[in-house]
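The values are calculated or read from the model by the stated rules, or taken from the named source; none is laboratory data. Please read these numbers as outputs of a predicted model, since none were measured by experiment. Here the Cβ positions follow ideal geometry from the backbone for every residue, glycine too, while neighbour counts run over all protein chains shown.
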Amino acid sequence: MAGAHRNIRLLHQSPIANAVREQSAAYAAAVAEQEHGLVRELWAVRGRSDADQVHRIAERSGLPVRWLAKAPTVNGERGMDKLLEERNVLLLRDRQSPFIEQFQHPLGRCAKFYKLTAYNNCNYWCEYCYLYLTFRNSPVSTHFVNYDRMFREIEAFDGASIPEPLRVLNLGELGDPLAVDEITGFAEQVVPFLPAHAPHTKLLFLTKSDAVKMLLPLEHGGRTIVSFSVNTDKVWRYLEHRTPSPAARLEAAREVQNAGYEVRLRIDPVIRYSTWKTDYEALVEEAFSLVRPSRITIGEYRPAEGLSNHIRARFPQSPLIKVNGSLVAEAGKLRYPRASRIEMFAALINAIRRHSARTDIALCKEDNQVWKAVGLNGSGLCCNCLG
Ligand code: SF4
């Protein structure tokens, strides 16, 4: 714990601080130069389905389509060039695997929720993103356009015998489902589909986006939950490049709540640094000044052991590389030591409880002992990805 604390504090005290600040400024400048927001190139793989969706998306984006015979694989660049190759592009292609699959946590630390994979990867550049590792062999941000098959799978899911808490399709497990929605227009097709054709199922958008204008007029029928991932201003400035500010996300949360959507918050990854406690308390304060979330799920920073190399390849000066070296291995991930994360979770829970006795609070992928240590009931199915 002390090591991790010290490492983050280095941001303010040593030459690495300047390097990290310079890197952050350079990445922010790269964003400011972009003509087309997060997507500068549109690629498409020739598929078996017709190309209508590709043409529709190309028209929305105003970008020419570069047609490919197959999906691109690894590229050899490093640093920002690598990010520009992987995450300045949106690849459109048919999904061959099922759109709907059940999540299986290897150690049973998570409910077997269902995910709906409309995107692989993301066009944001968060330094801690686990998808750099997950999609190391196919790192280009992808949107699957064979919607017809996806809609058939949603209808079949709706008719299947599935317990109520699991009747939620999570769109945020393998990408941010709203990050490039202004280009894909995916939400306006899928959100009204649920009340019309799958009324026993819910959708869950987990997002860092503030682009919610297109959600507001949709006939959602109470079947779509929007869960905003938020963090402190410091974590945002140093680690969540190209994302809207936490304040902008919370303002977006207020707007979708006013439009009748259920709103949840996710505070994840919680990162320990010199002013973490006051910063996370301020985040909770700001959240409750704008929105009444039905549920808040908290998770610590917990990288897979193999993630550091993938972070380093894209963000050579990332402060996370040092932090990772000071974490401890537990349950297949690197984590803050138990006492440290209990302290962080407890501080956040106290801050939330000062504003609301009714908001559900959950921890992401923690064992029962940690839930109990912070006064939560670990047997309840009440975390972000469930109904
Ligand atoms: S928003 Fe999520 S999926 Fe996108 S880069 Fe950040 S951590 Fe990765």
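Some observations on this one:
- Residue within the range 156-171 that is farther than 22 Å from LEU283 by Cα and aromatic (Phe, Trp, Tyr) present: yes
- Filtered by the rule that a residue be closer than 23 Å to GLU86 by Cβ and away from the ligand (no atom under 11 Å from the Cβ), the range 134-168 gives ARG136, ASN137, SER138, PRO139, VAL140, THR142, HIS143, PHE144, VAL145, ASN146.
- Screening PHE113, PHE103 for residues that are surrounded by fewer than 16 Cβ atoms within 10 Å (Cβ to Cβ), under 17 Å from the mean Cα position of the chain (by Cα) and at negative phi leaves exactly one candidate, PHE103.
- Near pairs, Cβ below 9 angstrom, 6+ apart or cross-chain, from the range 217-232 (within 11 Å of ALA259 (Cβ to Cβ)) to any residue that is polar (S, T, N, Q) and within 15 Å of the ligand (Cβ to nearest atom): VAL226/THR207
- Single condition VAL374 does not satisfy, out of (1) crowded, with 21+ Cβ neighbours inside 10 Å; (2) within 23 Å of the chain's Cα centre (by Cα): (2)
- Meets criteria (touching a Leu at 6+ places or on another chain (Cβ under 7 Å) and either closer than 21 Å to TYR301 by Cβ or crowded, with 17+ Cβ neighbours inside 10 Å (or both)) for ARG272: no
- Scanning the range 171-185 for residues that are more than 10 Å from the ligand (Cβ to nearest atom), touching a residue at least 60 places away in the same chain (Cβ under 8 Å) and crowded, with 24+ Cβ neighbours inside 10 Å yields VAL180, THR184.
- Strands (runs of 3 or more DSSP E) (entirely within the range 55-116) containing at least 2 residues that are more than 26 Å from LYS202 (Cβ to Cβ): 65-68, 89-93
- Here the condition is being in contact with a strand residue (DSSP E or B) (Cβ under 8 Å, 6 or more places away or on another chain), within 30 Å of TRP236 (Cα to Cα), crowded, with 16+ Cβ neighbours inside 10 Å and not basic (Lys, Arg); of VAL145, VAL65, VAL89, it holds for VAL89 alone.
- Screening the range 207-230 for residues that are within 30 Å of PRO319 (Cα to Cα) and touching a Leu at 6+ places or on another chain (Cβ under 7 Å) and picking the one that is surrounded by the fewest Cβ atoms within 10 Å (Cβ to Cβ) gives ALA211.
- Residues of the range 109-140 classified as hydroxyl-bearing (Ser, Thr, Tyr) and farther than 19 Å from ALA331 by Cα, total: 6
- Some residue of the range 232-245 being under 13 Å from VAL291 (Cβ atoms) and surrounded by fewer than 23 Cβ atoms within 10 Å (Cβ to Cβ): no
- Among the conditions (1) farther than 15 Å from LEU206 by Cβ; (2) touching a residue at least 12 places away in the same chain (Cβ under 8 Å), ARG152 misses just one, which is (2).
- Helices (runs of 4 or more DSSP H) wholly inside the range 276-387 containing at least 3 residues that are at pLDDT 95 or above, hydrophobic (A, V, I, L, M, F, W, C) and over 18 Å from VAL226 (Cα atoms): 276-290, 338-355
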